[in-house]
Amino acid sequence: MKNSKLMCIALILILGSAASSLAQKESLLIGPGDALHIQVYDTPEMEQKAKVTDSGDVPLSFLGNVKVANMTPGQAGAEIERRLIAANIMLHPQVTVRVDAYATQNASVMGQVVKPGPYEIDTRRKVIDVLALAGGLTDAADRHITIERFGDPNKKVEYYYSNVAGTALEDDPMVYPGDTVVVPKAAVVYVLGDVLKPGGYPISTNNSKMTVLQAISVAGYANHSAAVGKSKLVRKTATGVEQIDLPVGAMQKGKAPDVALLPDDVVYVPFSFLRNVAVNGSSILASATSAAIYIH
């Protein structure tokens, strides 16, 4: 019988903790300018409506300023209860805090989206929904997205927006009113020389990676006149310009591993020996800076 009672108590505590956690997740955080409605059970004379100040406090006539910014309404109620007890005003207060109006009801979407700007949301929304409001990602978008939390510039949520539906939905963080969603521009690699369409290409693959063969492919492949066997990878490093021979033919046959590219790498496919002009890594990098950027 005793064990049964202990189990019931433990179950109640667990359920209470889970309910508290769920309530916290489902509530928006209080911020400056929000209009609050504070009620104290069985004490109607202490009922009050007040706005949160720029410093994050709510001024209460019966208690003074109470810091409530970045709290859920439930947490704010608990904080007011704690202050009432500490001030010897009440022994067992029961405080309810309700947000009558949120001052900040916009989420800003910046960077590589079709329609950047502020979008009205009056409750938390999934980041995919907010990106959809902005028209979705552009072809030049990097899929590593950052959510900056309102009221706490040091708190950022990193999200990888996979174009595999199941993966994207598995980890779909929430955006709250006041948050800013930042979609950066994808890194670019360059394919120059005797290819169909030389220029720069964003690394917009699903895993945000690109290899030599993939880069040559998006550039329309090498022309028949190209000296593919003399292809080079030109990479700028902290110590200078590095040139790496690329056995493209062997890569295509699976006899050599495909090489992963880094941002700003240049794949140079020389012209045929008759048309070829001697070039070095520095001149190839210089050409890359003026190359057109192609977005598919």
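The values are calculated or read from the model by the stated rules, or taken from the named source; none is laboratory data. These numbers come from a predicted model, not from an experiment. Using ideal geometry, Cβ is built from the backbone for each residue, glycine included, and neighbour counts are taken over all protein chains shown. For accessibility, only protein heavy atoms count, side chains too; no ligands or nucleic acids. Shrake-Rupley method; radii C 1.70, N 1.55, O 1.52, S 1.80 Å.
Rounded to the nearest 0.05, what FRET efficiency do I85 and Q105 have when you use their Cβ-Cβ distance and R0 = 30 Å? In this case the efficiency is close to 0.30.
Computed over protein heavy atoms with a 1.4 angstrom probe, the accessible surface ordering of T180, T72, T239, largest first, is T239, T180, T72.
Alpha carbon centre of region 40-69 versus region 176-213: separation in Å? Between the Cα centre of region 40-69 and that of region 176-213, the gap is 50 Å. List residues of region 185-210, by number, whose backbone nitrogen lies under 17 Å from a label position 7 Å along Cα→C-beta of A256. Answer for this model: 192, 194.
Note on H144 and I293: with the Förster distance fixed at 22 Å, the Cβ-Cβ geometry gives a FRET efficiency of about 0.70.
Multiply the residue separation of A238 and S272 by 0.36 nm, subtract the distance between their alpha-carbon atoms, and state the gained length in nm to one decimal. Result: 9.1 nm gained on full extension. The length gained on full extension between S225 and K209, counted as 0.36 nm times the residue separation minus their Cα-Cα distance, comes to 2.9 nm.
Go through K115/K155; K115/K232; K67/K156 and tell me which ones have a Cα-Cα distance over 27 Å in this structure. It would help to have the intermediate numbers written out before the result.
Details: K115/K155 25 Å; K115/K232 39 Å; K67/K156 22 Å.
Among K115/K155; K115/K232; K67/K156, the Cα-Cα distance tops 27 Å for K115/K232.
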